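J.: Here's a structure for you.
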Amino acid sequence: MRALLAFALLSISLVCRADVYADLYETAGWPDQRANFTDALTAVQQRYKDTLPAAVYQALVDNSNRRFAAEAIDSRAQQALREQLAEPQPALAFFQSELGRKIVAAEVLAGRREQLARYANGLPRIEAGSNRQLLIRHLAQALPASEAGAEVSLALAGVAADSLSQMLPGILASGQAQSLLNSQRDRLREQIEGDLDNTLLYIYRELSDAELEQYLDFARSAAGQAYYQAALQAVREGLAVGRELSEPSGPQAGL
């Protein structure tokens, strides 16, 4: 009887813990950003419509839709977040705060289709005082923004290549493909890093210097670093750039 009671209490504890991960995923804006990615994916697919034969174009759309299905991305990303983040409660508390909600709203807005279209040729240069520039520089160092941005860019840029490799398997040896992918990832990360400060100044333009400082405190804290490193891994797992996918795409149990 004691063993059964202990098991029941443990089960309740695990369910509550799983709910924390699900709450964090929702509160931190992951579903909204995944929707932004889906919009960007649709735009990329449309660019190929008039340049590829109809059958090839349809294969491209089918392959990329299958790889980047909303349920599949959410499932892989949530699973990675659960595996990589030992204690989700501090991050959840931060993103549930007024400042956390403001940060999430700013990030989601910056990734929306109309915003990306508006600034397709580059963001305007944002003027800022020396204190704000310093805060942004420190924030850029604390967040894995360039690494995450490189994964998103690779996923979108690789739509055609990924479809081609599925239609013509073996066109590149696995070692060659991985080497090329790593080279592209490094190049994209360097490009993003080169203009990262201005990008963050734009995204967080509505935050005061005091709010930026509070955000930086969280990002630099042990809890913040744990969350953002787990989040980077969740982005990588969710988009699964350059990997063959065979796992089920349904939502993970308990999340």
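The values are calculated or read from the model by the stated rules, or taken from the named source; none is laboratory data. Note that the structure is a prediction, hence the values are computed from the model and not measured. Ideal geometry is used to build each Cβ from the backbone, glycine not excepted, and the neighbour counts take in all protein chains shown. Areas reflect the complete protein model, heavy atoms only, side chains present, ligands, DNA and RNA absent. Shrake-Rupley method; radii C 1.70, N 1.55, O 1.52, S 1.80 Å.
J.: For region 120-139, which positions are surrounded by fewer than 19 Cβ atoms within 10 Å (Cβ to Cβ) and among the hydrophobic types (A, V, I, L, M, F, W, C)?
T.: 120, 123, 126, 128, 134
J.: Then there's this: Quick check on residue 120: is it out of contact with any helix residue (DSSP H, G or I) (no Cβ under 9 Å at 6 or more places or on another chain), small (Gly, Ala, Ser) and over 25 Å from residue 211 (Cα atoms)?
T.: yes
J.: Say whether the condition of being out of contact with any Leu (no Cβ under 9 Å at 6 or more places or on another chain) and over 30 Å from residue 212 (Cβ atoms) is met by at least one residue in region 83-104.
T.: Yes, region 83-104 contains at least one residue that is out of contact with any Leu (no Cβ under 9 Å at 6 or more places or on another chain) and over 30 Å from residue 212 (Cβ atoms).
J.: Same structure, new question: Can you tell me which residue in region 87-119 is farthest from residue 143 (Cα to Cα), limited to those that are open to solvent by 80 Å² or more (accessible area, probe 1.4 Å) and in a loop (DSSP other than H, G, I, E, B)?
T.: Once the filter is applied, the top-ranked residue is 112.
J.: Quick one: what pairs do we get from region 38-62, first residue closer than 18 Å to residue 72 by Cα and in contact (Cβ under 8 Å) with a residue 12 or more places away in the chain, second open to solvent by 70 Å² or more (accessible area, probe 1.4 Å) and not aliphatic (A, V, I, L, M), C-beta under 6 Å, 6+ apart or different chains?
T.: Note: pairs meeting the criteria are 39/113.
J.: Follow-up. So which of 60, 52 is crowded, with 18+ Cβ neighbours inside 10 Å and of a type in the set (A, V, I, L, M, F, W, C)? Reasoning before the result, please.
T.: Values: 52 fails: crowded, with 18+ Cβ neighbours inside 10 Å.
The conditions single out 60.
J.: Counting just the residues of region 120-135 that are assigned to a helix (DSSP H, G or I) and touching a residue at least 24 places away in the same chain (Cβ under 8 Å), which one comes out nearest to residue 199 (Cα to Cα)?
T.: 133
J.: Here are some residues: 153, 146. Which one is open to solvent by less than 20 Å² (accessible area, probe 1.4 Å), of a type in the set (S, T, N, Q) and under 21 Å from the mean Cα position of the chain (by Cα)?
T.: Exactly one of 153, 146 is open to solvent by less than 20 Å² (accessible area, probe 1.4 Å), of a type in the set (S, T, N, Q) and under 21 Å from the mean Cα position of the chain (by Cα), namely 146.
J.: Could you list, in sequence order, the residues of region 4-26 that are more than 18 Å from residue 84 (Cα to Cα), open to solvent by less than 80 Å² (accessible area, probe 1.4 Å) and either modelled with pLDDT of 85 or more or hydrophobic (A, V, I, L, M, F, W, C) (or both)?
T.: Answer for region 4-26, where residues must be more than 18 Å from residue 84 (Cα to Cα), open to solvent by less than 80 Å² (accessible area, probe 1.4 Å) and either modelled with pLDDT of 85 or more or hydrophobic (A, V, I, L, M, F, W, C) (or both): 6, 8.
J.: Kindly evaluate residue 35 against the criterion of being closer than 21 Å to residue 119 by Cβ, among the small types (Gly, Ala, Ser) and either at pLDDT below 95 or out of contact with any strand residue (DSSP E or B) (no Cβ under 9 Å at 6 or more places or on another chain) (or both).
T.: Working: closer than 21 Å to residue 119 by Cβ: yes; among the small types (Gly, Ala, Ser): yes; either at pLDDT below 95 or out of contact with any strand residue (DSSP E or B) (no Cβ under 9 Å at 6 or more places or on another chain) (or both): yes.
Answer is yes for this residue.
J.: Now, a different point. For residue 68, all conditions in the list (1) open to solvent by less than 20 Å² (accessible area, probe 1.4 Å); (2) hydrophobic (A, V, I, L, M, F, W, C); (3) at pLDDT 95 or above hold save one; what is the number of the exception?
T.: Failing condition for residue 68: (3).
J.: When you check residue 39 against the structure, is it assigned to a helix (DSSP H, G or I), of a type outside the set (Ser, Thr, Tyr), over 11 Å from residue 238 (Cα atoms) and in contact with a Gly (Cβ under 9 Å, 6 or more places away or on another chain), yes or no?
T.: yes
J.: A further question on this structure: Scan region 18-34 for residues that are within 11 Å of the chain's Cα centre (by Cα), part of a helix (DSSP H, G or I) and not aromatic (Phe, Trp, Tyr) and report the count.
T.: Qualifying residue count, region 18-34: 4.
J.: Where residues in region 187-222 are at pLDDT 95 or above and outside any helix (DSSP H, G or I), which of them is nearest to residue 128 (Cα to Cα)?
T.: 205
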